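Enquirer: Take a look at the following structure, please.
The values are calculated or read from the model by the stated rules, or taken from the named source; none is laboratory data. As the structure is a computational prediction, the values presented were derived from the model and not from experiment. Virtual Cβ from ideal backbone geometry, glycine too; neighbours counted across all protein chains shown. Surface accessibility is based on the protein's heavy atoms, side chains included, excluding ligands, DNA and RNA. Shrake-Rupley method; radii C 1.70, N 1.55, O 1.52, S 1.80 Å.
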Amino acid sequence: MSKKGFNTTNLHLDRKDNPEHGVLHKAIHPSVAYGYEDARELAEVFQGKRPGYNYGRQLNPTVTALQNKISAMEDGLASAAFATGMGAISSTILSLLKQGDHIVSSAYLFGNTNSFFGTIQNLGIEVSFVDATDVENVAAAIKDNTRLVFVETIANPVTQIADLLPIGQLCREKGVIYCVDNTMTSPHLFTPKSVGASLVVNSLTKYIGGHGNALGGAITDTGLFDWEQFPNISDSYKGQDPSLWGITQIKKKGLRDMGASLGPEAAHHLAVGSETLSLRMEKACRNAKAITEFCDKHSKVKNVYYPGLSSHPQHKRAAELFRGFGALFSIDLIDELDCFDFLNKLDSVVSSSNLGDTRTLAIPVAHTIYYEMGAERRASMGIADSMIRFSAGIEDVEDLLADFEKALG
Ligand SMILES: *Cc1c(COP(=O)(O)O)cnc(C)c1O
């Protein structure tokens, strides 16, 4: 792989991958099926004896090109793309773990991942939720049957930052898969391989695609985990380089059998979006910083949650690990203000559930994305009823600040 920088590599990857007609973007290949002149070749592709495409649920050239981009961005060995971020998370967990296995997960978790971890407990996979901002809590929860530790880089919506580096060392000592959801930081701000992650999750829907116009997810194997000592790899996938056992099982069991496959049109949108990841992320981080500094001083805002503020409990950790503090922040208004009234007064900020868009989006979390979770779990995650989460976009900062000033006035 090229030793060039993050952006240069990403921008020129398609062109260097044997393109038709010298195209600069990988073409959108809609074909579901692939024909072979020699039927023996088709058989060999099925048996994994030669590379090739057989059916669109498992493999598509446009999706493969995107997977290569994600691998390059994460400095990983190989990636598998899925229809959504949740498709990537659920397919990966269900293809690698079995009944009786145990997961230690951060308690500060994306709501739908939290819900999925509830579902797998009904299937006999045990999950312990711990405060992962301190490695000691993760260490105390690890048992003989622990197979995987799951954390997010910056958690949603309170922006807690997991004790990423020591948890990596702990997982290495214990021989446990370390799965890091990098969605909130994106590979522009952070590569989880640098803290020893085995597997990296990215919701491509968010910052990587970046425009709110396509869903997608990816799992990247960093190459750091020793799959030879992992007990759940099927014998069928062991006839090759052991570093590929994990991603092969994720692709076969997760993608082929469960079928949350990414379509080629979405893959194209996401690949084009990824070309400006760094530019967008830097602008969105600057906007988030300016707005949080404004809110932090404002008398009508009770609390501001943003890793870029020196008062944030993990501010130092974020400064050491990340290239920037992210574009996600939350605020609690003072008790006298109604969060819905405030949101309705904003003009350049859209009330919407997505994040990582070019537009600034806001959502009252307790009433929406964290509603189903219930009051008790919300309280344990530090989510107040008045909390509003923002995903800073790339608008002109003066307009955003004027909007906040007006809505708080
Ligand atoms: C959005 C999100 C996901 C799920 O991604 P989808 O593409 O919406 O399925 C997973 N993890 C985090 C941290 C997210 O923000």
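Enquirer: Only residues that are open to solvent by 10 Å² or more (accessible area, probe 1.4 Å), within 16 Å of the ligand (Cβ to nearest atom) and either out of contact with any His (no Cβ under 9 Å at 6 or more places or on another chain) or without any contact (Cβ under 8 Å) to a residue 24 or more places away in the chain (or both): list them for the stretch 201-227, please.
Expert: Hits for the stretch 201-227 are S203, T205, K206, G212, L215.
Enquirer: For the stretch 191-243, which residues satisfy the criterion of being assigned to a loop (DSSP other than H, G, I, E, B), among the aromatic types (F, W, Y) and more than 13 Å from the chain's Cα centre (by Cα)? Quick ask: steps written out before the conclusion?
Expert: Restricting attention to the stretch 191-243, the residues satisfying the condition of being assigned to a loop (DSSP other than H, G, I, E, B) are 191, 196-198, 204-216, 222-226, 230-234, 238-241.
From what is left, the residues that are among the aromatic types (F, W, Y) are 207, 225, 230.
Matches in the stretch 191-243: F225, F230.
Enquirer: On to the next question. Limited to the stretch 1-31, what total is found for residues that are surrounded by 16 or more Cβ atoms within 10 Å (Cβ to Cβ) and of a type in the set (K, R)?
Expert: The total comes to 1.
Okay, residues lined up against (1) in contact (Cβ under 8 Å) with a residue 60 or more places away in the chain; (2) in contact with a His (Cβ under 9 Å, 6 or more places away or on another chain):
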residue: S311; (1), (2): no, no
residue: H315; (1), (2): no, no
residue: A318; (1), (2): yes, yes
residue: S330; (1), (2): yes, no
residue: I369; (1), (2): yes, no
residue: E372; (1), (2): yes, no
residue: R378; (1), (2): no, no
residue: S391; (1), (2): yes, no
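Enquirer: A follow-up question, please. For the stretch 312-365, give me each residue that is open to solvent by 60 Å² or more (accessible area, probe 1.4 Å) and either under 21 Å from T276 (Cβ atoms) or within 16 Å of the ligand (Cβ to nearest atom) (or both). So that I can check it myself, show each step before the final result.
Expert: Keep residues of the stretch 312-365 that are open to solvent by 60 Å² or more (accessible area, probe 1.4 Å), which gives 313, 316, 320, 323, 335-336, 338, 340-341, 344-345, 347, 350-351, 353, 359.
Hits for the stretch 312-365 are R323, V350, S353, R359.
Listed here are the residues, each with its yes/no results for (1) within 21 Å of A107 (Cβ to Cβ); (2) touching a Cys at 6+ places or on another chain (Cβ under 8 Å); (3) not in a loop (DSSP other than H, G, I, E, B).
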| site | (1), (2), (3) |
| --- | --- |
| F342 | no, no, yes |
| N354 | no, no, no |
| A362 | no, no, yes |
| I388 | no, yes, yes |
| L401 | no, no, yes |
| E405 | no, no, yes |
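Enquirer: Which count do you get for residues in the stretch 173-183 that are more than 29 Å from E275 (Cβ to Cβ), of a type outside the set (F, W, Y) and either surrounded by 24 or more Cβ atoms within 10 Å (Cβ to Cβ) or in contact with a Cys (Cβ under 8 Å, 6 or more places away or on another chain) (or both)?
Expert: Going residue by residue through the stretch 173-183, those that are more than 29 Å from E275 (Cβ to Cβ) are 173-178.
Subset that is of a type outside the set (F, W, Y): 173-177.
Still in the running and either surrounded by 24 or more Cβ atoms within 10 Å (Cβ to Cβ) or in contact with a Cys (Cβ under 8 Å, 6 or more places away or on another chain) (or both): 177.
Residues in the stretch 173-183 being more than 29 Å from E275 (Cβ to Cβ), of a type outside the set (F, W, Y) and either surrounded by 24 or more Cβ atoms within 10 Å (Cβ to Cβ) or in contact with a Cys (Cβ under 8 Å, 6 or more places away or on another chain) (or both): 1 in total.
Enquirer: Would you pick out the residues in the stretch 80-114 that are within 11 Å of the ligand (Cβ to nearest atom) and open to solvent by 20 Å² or more (accessible area, probe 1.4 Å)?
Expert: Across the stretch 80-114, the qualifying residues are A83, T84, M86, S90, Y108, F110, N112, N114.
Enquirer: Could you tell me whether L66 is in contact with a Cys (Cβ under 9 Å, 6 or more places away or on another chain) and within 27 Å of L328 (Cα to Cα)?
Expert: On the way: in contact with a Cys (Cβ under 9 Å, 6 or more places away or on another chain): no; within 27 Å of L328 (Cα to Cα): yes.
In short, no.
Enquirer: Inside the stretch 291-309, can you point out the residues that are assigned to a helix (DSSP H, G or I) and open to solvent by 30 Å² or more (accessible area, probe 1.4 Å)? Quick ask: steps written out before the conclusion?
Expert: First, pick out the residues of the stretch 291-309 that are assigned to a helix (DSSP H, G or I): 291-297.
Answer for the stretch 291-309, where residues must be assigned to a helix (DSSP H, G or I) and open to solvent by 30 Å² or more (accessible area, probe 1.4 Å): E293, F294, D296, K297.
Enquirer: Hey, another quick one. Scan R280, R286, R256 and give me the residue that is surrounded by fewer than 20 Cβ atoms within 10 Å (Cβ to Cβ) and within 30 Å of K406 (Cβ to Cβ). Before the answer, list the steps.
Expert: Values: R280 fails: surrounded by fewer than 20 Cβ atoms within 10 Å (Cβ to Cβ); R256 fails: within 30 Å of K406 (Cβ to Cβ).
Just one listed residue meets the conditions, R286.
Enquirer: In addition: Filter the stretch 1-16 down to residues that are of a type outside the set (A, V, I, L, M), within 26 Å of the chain's Cα centre (by Cα) and part of a loop (DSSP other than H, G, I, E, B), then give me how many there are. Reasoning before the result, please.
Expert: Restricting attention to the stretch 1-16, the residues satisfying the condition of being of a type outside the set (A, V, I, L, M) are 2-10, 12, 14-16.
Checking the rest, the ones that are also within 26 Å of the chain's Cα centre (by Cα) come to 2-10, 12, 14.
Then drop every residue that is not part of a loop (DSSP other than H, G, I, E, B), which leaves 2-5, 14.
Number satisfying all stated conditions: 5.
Enquirer: In addition: Can you find, within the stretch 151-193, the residue that is farthest from A318 (Cα to Cα) among those that are among the small types (G, A, S) and either within 16 Å of the ligand (Cβ to nearest atom) or in contact with a Gly (Cβ under 9 Å, 6 or more places away or on another chain) (or both)? If you could, list the steps in order and put the result at the bottom.
Expert: Here is the first cut: in the stretch 151-193, the residues among the small types (G, A, S) are 155, 162, 168, 175, 186.
Those still in the list that are either within 16 Å of the ligand (Cβ to nearest atom) or in contact with a Gly (Cβ under 9 Å, 6 or more places away or on another chain) (or both) too: 155, 162, 168, 186.
Details: A155: 12, A162: 10, G168: 16, S186: 14 Å.
Checking each candidate, the answer is G168.
Enquirer: Would you mind finding the one in S236, S198, S186 that is open to solvent by 10 Å² or more (accessible area, probe 1.4 Å) and not assigned by TED's automatic domain parsing to the domain that holds T360?
Expert: Working: S198 fails: open to solvent by 10 Å² or more (accessible area, probe 1.4 Å); S186 fails: open to solvent by 10 Å² or more (accessible area, probe 1.4 Å).
Within the list S236, S198, S186, the selection yields S236.
Enquirer: With the requirement that a residue be over 17 Å from K206 (Cα atoms) and hydroxyl-bearing (S, T, Y), what does the stretch 331-356 give you?
Expert: S348
Enquirer: Taking only pairs six or more apart or across chains, which ones have beta-carbon atoms under 6 Å, a first residue in the stretch 159-177 that is modelled with pLDDT of 95 or more, and a second residue that is among the charged types (D, E, K, R)?
Expert: Close Cβ pairs satisfying both conditions: I161/R317; D163/D134.
Enquirer: Within the stretch 366-382, track down each residue that is open to solvent by less than 10 Å² (accessible area, probe 1.4 Å) and assigned to a loop (DSSP other than H, G, I, E, B). So that I can check it myself, show each step before the final result.
Expert: Our first condition is that a residue be open to solvent by less than 10 Å² (accessible area, probe 1.4 Å); within the stretch 366-382, this holds for 366, 370, 381.
Those that are open to solvent by less than 10 Å² (accessible area, probe 1.4 Å) and assigned to a loop (DSSP other than H, G, I, E, B): Y370, M381.
Enquirer: Still on this model: Does V45 satisfy the condition of being touching a Pro at 6+ places or on another chain (Cβ under 9 Å) and within 30 Å of G168 (Cβ to Cβ)? Outline the logic, then answer.
Expert: On the way: touching a Pro at 6+ places or on another chain (Cβ under 9 Å): yes; within 30 Å of G168 (Cβ to Cβ): no.
So V45 does not fit the description; no.
Enquirer: Quick check: anything in the stretch 149-172 among the basic types (K, R) and surrounded by fewer than 20 Cβ atoms within 10 Å (Cβ to Cβ)? Don't jump to the end; show me each part of the working.
Expert: Filtering the stretch 149-172 for residues among the basic types (K, R) gives 172.
From what is left, the residues that are surrounded by fewer than 20 Cβ atoms within 10 Å (Cβ to Cβ) are 172.
Yes, the stretch 149-172 has at least one match.
Enquirer: Here is a follow-up. Give the number of residues within the stretch 135-171 that are among the charged types (D, E, K, R) and over 21 Å from the mean Cα position of the chain (by Cα).
Expert: From the stretch 135-171, those among the charged types (D, E, K, R) are 136, 143-144, 147, 152, 163; that's our starting set.
Within this subset, residues satisfying the condition of being over 21 Å from the mean Cα position of the chain (by Cα) are 136, 143-144.
Adding up the residues that qualify gives 3.
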